[in-house]
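The values are calculated or read from the model by the stated rules, or taken from the named source; none is laboratory data. Quick caveat, the model's predicted, so the values are computed rather than measured. Note that each Cβ is placed from the backbone with ideal geometry, even for glycine, and that neighbours are counted across all protein chains shown.
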Amino acid sequence: MSFTLRSVKVPPNSVNLEEARSRMFEFFRLACRSIPSIIDIYNLDEVVTKSQLRTTIAAQIRKNSQVTNPKVSFHFLFVFIFLIVIILQVIDMLLFKGMEELNNILEHAKQRHHMIGQYVTGQHGLVQDLDSKDQGMSDFLKNFYNTNYF
Amino acid sequence: MGLGLLASRAIRPFNSGSRFLLRTIVSKPELQSPESSAAAADASPEPDLPPRTPVGGARVHFTNPEDAIEVFVDGYPVKIPKGMTVLQACEVAGVDIPRFCYHSRLSIAGNCRMCLVEVEKSPKPVASCAMPALPGMKIKTDTPVAKKAREGVMEFLLMNHPLDCPICDQGGECDLQDQSMAFGSDRGRFTEMKRSVVDKNLGPLVKTVMTRCIQCTRCVRFASEVAGVQDLGILGRGSGEEIGTYVEKLMTSELSGNVIDICPVGALTSKPFAFKARNWELKGTETIDVTDAVGSNIRIDSRGPEVMRILPRLNEDINEEWISDKTRFCYDGLKRQRLNDPMIRGADGRFKVVSWRDALAIVAEVAHQVKPEEIVGIAGKLSDAESMMALKDFLNRMGSNNVWCEGTGTQPNADLRSGYIMNTSISGLEKADVFLLVGTQPRVEAAMVNARINKTVRANNAKVGYIGLETDFNYDCQHLGTGPNTLKEIAEGRHPFFSAISNAKNPVIIVGAGVFEREDKDAIFSVVETIAKKGNVVRPDWNGLNVLLHNAAQAAALDLGLVPESSNSIESAKFVYLMGADDVNLDKLPDDAFIVYQGHHGDRGVYRANVILPASAFSEKEGTYENTEGCAQQTLPAVPTVGDARDDWKTIRALSEVAGVRLPYDTLGGIRSRMRTVAPNLLQVDEREPATFGHSLKPEVAQKLNPAPFKSAVENFYMTDAITRASKIMAQCSASLLKK
Amino acid sequence: MKKKKKNYKEEKQRRERERERERDGVDSGEERIEGDQRERSGYLLARAQRRRLLLTHCNYVFIMFFRRCLPDGNLLQTKLHNIGAKLVGVDKFGNKYYEKLGNTQYGRHRWVEYAEKSRYNASQVPAEWHGWLHFITDHTGDEASPILKYYLISCLLMLKPKRYGIEHKENLSGEGDEYIYHSKGHTLNPGQRDWSRYQPWQPTKAE
């Protein structure tokens, strides 16, 4: 299946937001469909369930939900006297990066602990009981609960 | 040298045909006819020499300017005091002479011959380590004669030295390896069998591979001169010469680990470190030892998260370049029995791992349920000053002032700093000529202080008197008595040792910190002060009245004023905060008391604890420690903390916030500026801060002396704290070396 | 894939059972052969017993021939090859080693009939027989046995070190995850190494 993914060519840039949106959903479905084989490849069945992984993927996509309007954003870069205009299609770029990541995962280019670190325990470690108690807590205490090194 | 080489080439007739037939004596062609090339070199005009700096920053101190003499080292004029050896003169001139047997802190043996130099008008090369420099001496260290001599000596040394560098633990830090690279021949001519020597069993610390020994006798001299034990010696002659204990016995010295450092080859290596790591893999962190109150300067060598070994660091004022065996080999205790998660004791009496959040919440809740005067905090013997400051501040904010450091007794005298530090300073002990040891056995309480006393006894023929239980010293010592009655006799001038004190130029009295635990400690101190007054021990230019502390935390704790409000607070305590305190007596504690143990080892303290908060050990944190002479020093983290442990002060700071009495500091800098307001001397790092006021300010005491003899304060030299008690090596040591 | 794994396990168990059953069968068969000789030497046996033995023998032959040899050409070929060949030895796993000198193509004159009839492979030949089977040496695996070692000093197999030479084990690749070698850091290694460099305090010990 990884090889079929590899053969998928990078599509031309999305014309408008609608197209980018539908592509994103397509990508989400593709990722969700590959969850069973991901669990199989990395022996994740004892640490995570399919729905949890689905939530993680959705969360990764939602993290960039603020990227809506700038279908095309212009980055002007002045290099000496030349004016180079780089046109970056932000959603397409993110989509491409997601596709690349998925590809890497399916090709077994990662190891089990990469998967666990990135998608199972997440960035904040296993302890994630941040709730209303933490309101009004000093930065020191927040850091203290995370690590000894701050 | 370049000129000499050219000259020798020009002078020597080229005879390429016979060159291959003749077997050359030395490898380097210019050394084949050293005399002629030397003559050629001398003939050449003196080149403009660049200035040189002394080796290792060596400086010359002239006590008497008339004693200065001038010698020439490689053409450089050097002014040195009379009595210096040629080797020392060369060091001042910036020339490092290769040596094996010479060691600046040991007597001169002159038997390795590696330090041969050429001296003008001397028929043969001379051994520079044993030769006194004479005025106008012209020393040449870089001539072909000297080089040939070194190469020859090196060849002889390597003759019987095994070629096992790849499996030798000294590999990479071996003097013989380095010097054979620098001064040896590039080929060997030895085809016969090498000799082999039976290995000796020196105990659980020192591994011997005696075949590698080059008979420099450094270890023999160290054992008899510094360690003060006559265990090692030389047997046999010639190729039968061996280093060993004369009869099969272990090396029973608390400084035996230092022979590993002074051995220039791999004959004596560390047994626990054997085949564990190579020295180039290790990361060195310069830090402070906390196993006793001396605060020896050490270097922790670590690989990744693991402490691999501990080595001494040079500090002339504290430990010179030695450390005790406990300091050197306690490191495996840092890897065993570690507390790595916060734990709470459940209803069934078993510990359950919980999150920091829950642990702190429970501790804070219980702390608020009890009355403020029922809260007690005890700092352990390994605590750093920062965390003790935080503990005191936290308890004060909770409304309690019952905070103290274990080992200081229930009513410590923290008012006068001179009453608990070593006023003479450790290096100052060398000036003394009479010692009176009161209830202290420096050999087990502070091995490095004992080494100083031993050095003084050997150098000045100082007299030592001891009051306390029978014990063995490694220097001549007069056992005066066992209890305070003897002390009283001296104070009243009835004892013959009183005349020794009063006639001495620089008398020293050392009182052990074990006296702090006695009920009549004030009376004992007042008797000691009477002796000091009558014997003129405390003068403006000399303060000989000392207290020898036992624990790394004690001096800082007393400086910070960790003094309990009431002496029997533990009997009514309901909430006890043990910050690494393992040796505190909790028998009188009520059964319903809630105990929080914050520490790094599952030692005695955890068995009654209700909550365990893991902390970092001294090798893992930055902290200030004050040693027994009042010198504040800082540790640096060498390895990361284990598991979910936190630094002591951070835990207390976090707990204070959870408990609603937030401490105002968030950083180590903040806590130090708080310390500045309490004990500014703790921020004068690496500087000894002498006590300002003397004993004369002390009020009269009306306590009666208890004639009970002084107890020995340290039962087992090798196991005194949580780290050393967890160490397997220390357990082996106490099993094999303390056997009576 | 998980299903496959499960299949593996089932397959494995089934095979185990089969193997056990077979081993019993083979053993009784061999006994039978030896029994024949014993009979010939006038060993007393009741007729009923004989009939039962004959029946088991027939059963064995039946199983061997129809259920094993016919579907498996290799086994059939080996069995046919065995006719007139000399049984040189049987190793401790029950593999039989045959040799036929003359009337065989050179290089094909030594062969093995595996004890395992359904799933055999070359790794089932232990090291001491490997040399003989592959014409490396003429010493058979039995000559490495302790009885003979005093007579055959030059024997290759006696060089097998006693101290650390481990028991021969066949290659179990493809037999399921538990038979695949996983390095000590691997998740699936049952004795996965603990890489922590310190030993934590155990609260249960304290109680």
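Filtering the stretch A:36-55 to residues that are in contact (Cβ under 8 Å) with a residue 60 or more places away in the chain, assigned to a helix (DSSP H, G or I) and under 19 Å from A:His108 (Cβ atoms) leaves A:Ser37, A:Ile38, A:Ile41, A:Tyr42, A:Leu44, A:Leu53. Note on the stretch C:170-204: residues that are closer than 26 Å to B:Asp644 by Cβ and of a type in the set (Asp, Glu) total 1.
Go through the residues of the stretch B:574-586 one by one and say whether even a single one is within 11 Å of another protein chain (Cβ to nearest Cβ) and free of Cβ contacts under 8 Å to residues at least 24 places away in the same chain. Checked against the condition, which is being within 11 Å of another protein chain (Cβ to nearest Cβ) and free of Cβ contacts under 8 Å to residues at least 24 places away in the same chain, the stretch B:574-586 yields no hits at all. Applying the condition of being assigned to a loop (DSSP other than H, G, I, E, B) and among the acidic types (Asp, Glu) to the stretch B:434-480 and asking which residue is nearest to the chain's Cα centre (by Cα) yields B:Asp472.
Going by the conditions given, is B:Ile298 in contact with a helix residue (DSSP H, G or I) (Cβ under 8 Å, 6 or more places away or on another chain) and not assigned by the TED database to the domain that holds B:Gly605? The answer is yes for B:Ile298.
Which of the residues belonging to the stretch B:618-637 are of a type in the set (A, V, I, L, M) and buried (at least 24 other Cβ atoms within 10 Å of the Cβ)? Don't jump to the end; show me each part of the working.
To start, the set of residues in the stretch B:618-637 that are of a type in the set (A, V, I, L, M) comprises B:632, B:636.
The answer is B:Ala632, and nothing else.
Taking the criterion of being on the phi > 0 side of the Ramachandran plot and either within 8 Å of another protein chain (Cβ to nearest Cβ) or in contact with a strand residue (DSSP E or B) (Cβ under 8 Å, 6 or more places away or on another chain) (or both), the residues of the stretch B:309-361 that qualify are B:Gln337, B:Gly349.
Might you check whether a residue that is more than 14 Å from chain C (Cβ to nearest Cβ) and of a type in the set (Ser, Thr, Tyr) occurs anywhere in the stretch B:630-637? Full working, then the answer.
Step one: filter the stretch B:630-637 for residues more than 14 Å from chain C (Cβ to nearest Cβ), giving B:630-637.
Next, only the ones that are of a type in the set (Ser, Thr, Tyr) stay: B:635.
Scanning the stretch B:630-637 turns up at least one residue that is more than 14 Å from chain C (Cβ to nearest Cβ) and of a type in the set (Ser, Thr, Tyr).
If the condition is being of a type in the set (Ser, Thr, Tyr) and in contact (Cβ under 8 Å) with a residue 40 or more places away in the chain, then the stretch B:611-637 contributes B:Ser619, B:Thr624, B:Tyr625, B:Thr628, B:Thr635. Residue check: B:Thr677 meets all listed conditions (1) in contact (Cβ under 8 Å) with a residue 12 or more places away in the chain; (2) not in a loop (DSSP other than H, G, I, E, B) but one, namely (1). Scanning the stretch B:392-406 for residues that are touching a Leu at 6+ places or on another chain (Cβ under 8 Å) and either within 17 Å of B:Ala552 (Cβ to Cβ) or aromatic (Phe, Trp, Tyr) (or both) gives B:Phe394, B:Trp404, B:Cys405. For the stretch B:201-257, which positions are part of a loop (DSSP other than H, G, I, E, B), of a type in the set (A, V, I, L, M) and crowded, with 21+ Cβ neighbours inside 10 Å? Listed by number, the residues that qualify are B:Leu202, B:Leu205, B:Val209, B:Ile214, B:Met251, B:Leu255. Among the criteria (1) hydrophobic (A, V, I, L, M, F, W, C); (2) more than 27 Å from B:Ser224 (Cβ to Cβ); (3) outside the structural domain of B:Glu242 (by the TED database), the one B:Met154 does not fulfil is (3).
Can you confirm whether B:Ser425 is surrounded by 24 or more Cβ atoms within 10 Å (Cβ to Cβ) and outside any helix (DSSP H, G or I)?
Numbers: surrounded by 24 or more Cβ atoms within 10 Å (Cβ to Cβ): no; outside any helix (DSSP H, G or I): yes.
It is false that B:Ser425 is surrounded by 24 or more Cβ atoms within 10 Å (Cβ to Cβ) and outside any helix (DSSP H, G or I).
If the requirement is being under 28 Å from the mean Cα position of the chain (by Cα), of a type outside the set (Phe, Trp, Tyr) and within 10 Å of chain A (Cβ to nearest Cβ), which of these qualifies: B:Asp647, B:Asp666? Give the steps one after another, and end with the answer.
Working: B:Asp666 fails: under 28 Å from the mean Cα position of the chain (by Cα).
From the options B:Asp647, B:Asp666, the qualifying one is B:Asp647.
Among the residues of the stretch C:158-175 satisfying the criterion of being surrounded by 10 or more Cβ atoms within 10 Å (Cβ to Cβ) and modelled with pLDDT under 75, which is farthest from C:Gln124 (Cα to Cα)? Selected residue: C:Met158.
Going residue by residue through the stretch B:285-303, is there one that turns out to be surrounded by fewer than 24 Cβ atoms within 10 Å (Cβ to Cβ), out of contact with any Ser or Thr (no Cβ under 8 Å at 6 or more places or on another chain) and not in a strand (DSSP E or B)? Scanning the stretch B:285-303 turns up no residue that is surrounded by fewer than 24 Cβ atoms within 10 Å (Cβ to Cβ), out of contact with any Ser or Thr (no Cβ under 8 Å at 6 or more places or on another chain) and not in a strand (DSSP E or B). Go through (1) more than 20 Å from B:Arg59 (Cα to Cα); (2) buried (at least 22 other Cβ atoms within 10 Å of the Cβ) one by one and return the number of the condition B:Ile139 breaks. Only one criterion in (1) more than 20 Å from B:Arg59 (Cα to Cα); (2) buried (at least 22 other Cβ atoms within 10 Å of the Cβ) is unmet by B:Ile139, namely (1). In the condition set (1) part of a helix (DSSP H, G or I); (2) touching a helix residue (DSSP H, G or I) at 6+ places or on another chain (Cβ under 7 Å); (3) within 10 Å of another protein chain (Cβ to nearest Cβ); (4) touching a residue at least 40 places away in the same chain (Cβ under 8 Å), B:Pro640 is compliant with all but (1). Within the stretch B:176-199, one or more residues are without any contact (Cβ under 8 Å) to a residue 12 or more places away in the chain and part of a helix (DSSP H, G or I). When B:Leu578, B:Leu613, B:Leu586 are screened for being assigned to a loop (DSSP other than H, G, I, E, B) and either over 30 Å from the mean Cα position of the chain (by Cα) or closer than 22 Å to B:Thr724 by Cβ (or both), only B:Leu586 passes. Can you find a residue that is in contact with a strand residue (DSSP E or B) (Cβ under 6 Å, 6 or more places away or on another chain), within 17 Å of B:Val71 (Cα to Cα), of a type outside the set (Gly, Ala, Ser) and surrounded by 15 or more Cβ atoms within 10 Å (Cβ to Cβ) anywhere in the stretch B:169-177? Among the residues of the stretch B:169-177, not one is in contact with a strand residue (DSSP E or B) (Cβ under 6 Å, 6 or more places away or on another chain), within 17 Å of B:Val71 (Cα to Cα), of a type outside the set (Gly, Ala, Ser) and surrounded by 15 or more Cβ atoms within 10 Å (Cβ to Cβ), which makes the answer no. Taking the stretch B:329-365 as the range and being among the hydrophobic types (A, V, I, L, M, F, W, C), part of a helix (DSSP H, G or I) and surrounded by fewer than 17 Cβ atoms within 10 Å (Cβ to Cβ) as the test, only B:Ala361 passes.
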